[in-house]
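One structure is given below, encoded as structure tokens.
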Amino acid sequence: MPLATIHRAPTDYAIRVRNVSKEYKVWHSPAGRLAGLLGGGLAASALCPTRVGSLLKKKLARLHTDFRALSDLSLEVRPGESVGIVGMNGSGKSTLLQLIAGVLTPTTGTVERHGRVAALLELGSGFNPEFTGRENVYMNAAILGLPRAEIDARFPEIAAFAELGDFLDQPIKSYSNGMVLRLAFAVMTQVDPQILIVDEALAVGDAYFQYKCLAHIRHFRERGGCLLFVSHDAAAVKHLCNRAILLERGRIATEGPPEAVLDYYNALIAQKERDLAIEQVKTEGGRVRTRSGNGMATIEEINILDETGAEKRSFRMGASATVTISVRAHQDIESPTVGMAILDRVGNDVFGTNLSLLSPEPTAWRADERVRVEFDLTLNLGQGTYSLSAAAHSAFTHLESNYDWIDHALIFTVTEETAPRMKGCAALPVKARMRRTQP
């Protein structure tokens, strides 16, 4: 049954979150939790004297700590918009999606939704492990608003998408995580939501089924659906979303184009030291350049040269080039490294390396010492525009100590002298042959 164009609600937003906070009580012990349940009910009872109830509440407050998962958060998502939500574990991503899906209620603030919502949150949520896959399809689709006759009509396509075979009539408790994902996503393909929410679940699927899910999400977007997508897969966020939001400790740290937000997120992950600075500047070409580091060393110059040593910003496919990165150390540093990365026009990594990967011999820099690193390359890249990023960090990982990191430090292009004979970002040496065979 083909899926029709999604009918949007007659509003200028699909989701509106206003000044939302969500708090949880973290009990210090199981006994404290039980006391809280019993004592809280007693304190709220009309039969309990006011003074006694007040004293009881004070005593119960000592048995738990309040944890605020979200704090005074506001956002709007327009119909047809695809928003990626990223952040470190504990930043509030899943709590926000559960509030928007209606699974949780906010402590304060309001959440408005316009249109049918389908959410793929925790695997198995909405499924009864004792029921078969077939029975769970009918139950889950009914919860999502499909009448029985419509489920009957769409069941063959749900079964075909899930590809579970005879397991469809086995209890869910016998399924692997990947099989549960198949069934849950298959139901979502047929409920025609206006708002689709996906929280990390795709990570448990095999590569084949992930491809099917991502293809369906792309089609959902093309039909005008609103997507909220949480994932640690930066490439998927860049590919599927036209806006990204970075959460940090229950608040929005930054939002904007996915590439810029993910660059900022990468810098935030490396922000171990309190004095590490992160700054973003919009370049003349409209891209956002992110720079972060603790200042122990500074990148002073980045360049790309042709085979004659001349500075250049346009190369033919397969040309030789040299990337040069000059760094100054501001203090003694043991085991540093310098790296570079080439990214395509949408921010996907094409190639990257560093001195430690190419030559694992240990090095050291002294205070005020300047070093110049040269990477000789053959630009076997497809025709297009690319950006170059550079970094100086500890030889083990930039997460341990990031001295200076510059994303999209410069832009260069690769051209083909003749009409394009290939597609993609990798210009692989290739020959073609055709042989005739007898029928």
TODO: State which residue is farthest from Leu168 (Cα to Cα) when the search covers only the range 131-153 and only residues that are at pLDDT 90 or above, surrounded by fewer than 16 Cβ atoms within 10 Å (Cβ to Cβ) and of a type in the set (Gly, Ala, Ser).
DONE: Ala149
Open item on the list: Going through Gly347, Gly352, Gly309, Gly339 one at a time, which residue ends up being part of a loop (DSSP other than H, G, I, E, B) and modelled with pLDDT of 90 or more?
Closed with: Gly309
- [ ] At least 3 residues that are within 30 Å of Asp12 (Cβ to Cβ) and among the aliphatic types (A, V, I, L, M) in each: list the strands (runs of 3 or more DSSP E) lying fully within the range 160-279 that qualify.
- [x] 195-199, 226-230, 243-248
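Residues are listed down the side, and each one gets a yes or a no for (1) under 23 Å from Ile151 (Cα atoms); (2) in contact (Cβ under 8 Å) with a residue 40 or more places away in the chain; (3) crowded, with 17+ Cβ neighbours inside 10 Å; (4) among the aliphatic types (A, V, I, L, M):
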residue: Pro193; (1), (2), (3), (4): yes, yes, yes, no
residue: Asp199; (1), (2), (3), (4): no, yes, yes, no
residue: Asp206; (1), (2), (3), (4): no, no, no, no
residue: Arg223; (1), (2), (3), (4): yes, yes, no, no
residue: Leu228; (1), (2), (3), (4): no, yes, yes, yes
residue: His232; (1), (2), (3), (4): no, yes, no, no
residue: Cys241; (1), (2), (3), (4): no, yes, yes, no
residue: Pro257; (1), (2), (3), (4): no, no, yes, no
residue: Tyr264; (1), (2), (3), (4): no, no, yes, no
Open item on the list: So for the range 54-64 (the condition being at pLDDT 75 or above and in contact with a His (Cβ under 9 Å, 6 or more places away or on another chain)), does at least one residue qualify?
Closed with: no
TODO: Sort out for me the strands (runs of 3 or more DSSP E) sitting completely within the range 368-437 that have 3 or more residues that are out of contact with any helix residue (DSSP H, G or I) (no Cβ under 6 Å at 6 or more places or on another chain), without any contact (Cβ under 8 Å) to a residue 60 or more places away in the chain and in the same structural domain as Thr324 (by TED's automatic domain parsing).
DONE: 370-378, 384-394
Task: Close pairs (6 angstrom Cβ cut-off, 6 or more residues apart or separate chains): in the same structural domain as Leu381 (by TED's automatic domain parsing) in the range 310-337, assigned to a strand (DSSP E or B) and of a type in the set (D, E, K, R) anywhere - done: Thr322/Glu374; Thr322/Asp376; Thr324/Glu374; Ser326/Glu300; Ser326/Glu301; Ser326/Arg372; Arg328/Glu300; Arg328/Arg370
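So that you can scan it fast, the table gives a plain yes or no per residue for (1) within 24 Å of Asn294 (Cα to Cα); (2) surrounded by 15 or more Cβ atoms within 10 Å (Cβ to Cβ); (3) modelled with pLDDT under 90:
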position: Thr363; (1), (2), (3): yes, yes, yes
position: His398; (1), (2), (3): yes, yes, yes
position: Ile406; (1), (2), (3): yes, yes, no
position: Phe412; (1), (2), (3): no, yes, no
position: Pro429; (1), (2), (3): no, no, yes
position: Thr437; (1), (2), (3): no, no, yes
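The values are calculated or read from the model by the stated rules, or taken from the named source; none is laboratory data. Everything numeric here is computed off the predicted structure, so don't read it as measured data. Glycine also receives a Cβ, built like all others from the backbone with ideal geometry; neighbour counts cover every protein chain displayed.
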